[in-house]
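Data block below; observations after.
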Amino acid sequence: MALVVGPCWGQQSGAPLDQREVLEQILTQTYYPSIVGKHAMGIGSATEVQRAGIVVVVQRPGLAAAVDRLQIASTEIHGSETSLYRGHKDYDVPVGERFYVFSISVGLETVTFGMLTARGVPSPKGARRMWSAVTFYFSQDVLANAEKDAVFRGIDAWFVPEGRSAAAGTTGTPSAPAPVSGYAPTMQAPAPAGPPANLTPGMTREEVVAAMGAPQREVSFQGKTLLTYPGMVVVLEAGKLTSIDQSGQVSINSKVAIQSDPVGADIVMDGQMVGQTPSTFDVPPGDHQINVQLAGYQDWVRRVHVLAGSTINLSAKLEKK
């Protein structure tokens, strides 16, 4: 059964092509959607990632996700305003949550992303990956003319590819991606040049080298190994392929995972609100102060020193005032 995630699908399917097709190809090339679901013969699970693409990181609260793909939580975005227009909300997505993108579509006045959390989110039935659909609204002229900078600015306010941080000096809205090389609105966009199909998650270093040849450079640190090839870096963790980066730079930030009892507490890092518990987000190496705050409870405060590429798990047991 095909998944319909756009709020105006009937309108989208009849939309004139003009440059929307080109824009959709540019977005596909930028985010390189993952392939998720069961393999042939029904092997695997509905949330299995058959081929990992770009992972995006949520930049602000307001998105929703659901355990059941058939009741996918579909959020529509008009500028900075959001609303749930379809499906069931099991999870308020916090800042820092990471998603695989598995579909992208451009309609008459909408751009819709289908997404799956990159981790299992705690739920009453255990940790579960959750589904989300996010639909951005733009003027018809912006999409018809493939005004990619305007589209990227709108999307970047909500999520950006992992490893690409906000521009220095901004007030929380990430900068737009660099223009796609060789693009012109009146020309046919090149076909997506994503990671080679012969690379799949879980491959060992030896299997990657057998498929790709010797890397130009190999760097190991904190349990990660980076294999550099022309146009991409293959990332292995604990000896297994976990992601492929084609942005030209790989983040070596640490990851901090914070949970609390009770949940839903605010997380303040170095004086800035970054999300709510439970949440996982990237932090630069160095010293950081983390405050976990919830009305009616005493603040939980920790200073941590993080190393590049490391992962820190924190559990805050909050005490009532």
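The values are calculated or read from the model by the stated rules, or taken from the named source; none is laboratory data. It should be emphasised that the depicted structure is a prediction, and the values quoted were computed from it without experimental measurement. No Cβ is skipped: glycine too gets one built from the backbone with ideal geometry, and neighbour counts run over all protein chains shown. These accessible areas exclude ligands, DNA and RNA; they are computed on the full protein's heavy atoms, side chains included. Shrake-Rupley method; radii C 1.70, N 1.55, O 1.52, S 1.80 Å.
Among the polar types (S, T, N, Q), open to solvent by 30 Å² or more (accessible area, probe 1.4 Å) and within 18 Å of the chain's Cα centre (by Cα) - does that describe any residue in region 150-165?
yes
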Residue 63, sole failed condition from (1) buried (at least 18 other Cβ atoms within 10 Å of the Cβ); (2) modelled with pLDDT under 95: (2)
Of the conditions (1) more than 22 Å from the chain's Cα centre (by Cα); (2) open to solvent by less than 50 Å² (accessible area, probe 1.4 Å), the single one that residue 298 does not satisfy is (2)
Go through the residues of region 205-222 one by one and say whether even a single one is under 27 Å from residue 94 (Cβ atoms) and modelled with pLDDT of 75 or more. no
Going through region 69-98 one residue at a time, which ones are assigned to a strand (DSSP E or B), open to solvent by less than 40 Å² (accessible area, probe 1.4 Å) and farther than 17 Å from residue 152 by Cβ? 73, 74, 75, 76, 91
Taking the criterion of being open to solvent by 50 Å² or more (accessible area, probe 1.4 Å), touching a Pro at 6+ places or on another chain (Cβ under 8 Å), farther than 19 Å from residue 158 by Cα and touching a residue at least 12 places away in the same chain (Cβ under 8 Å), would at least one residue in region 35-48 satisfy it? no
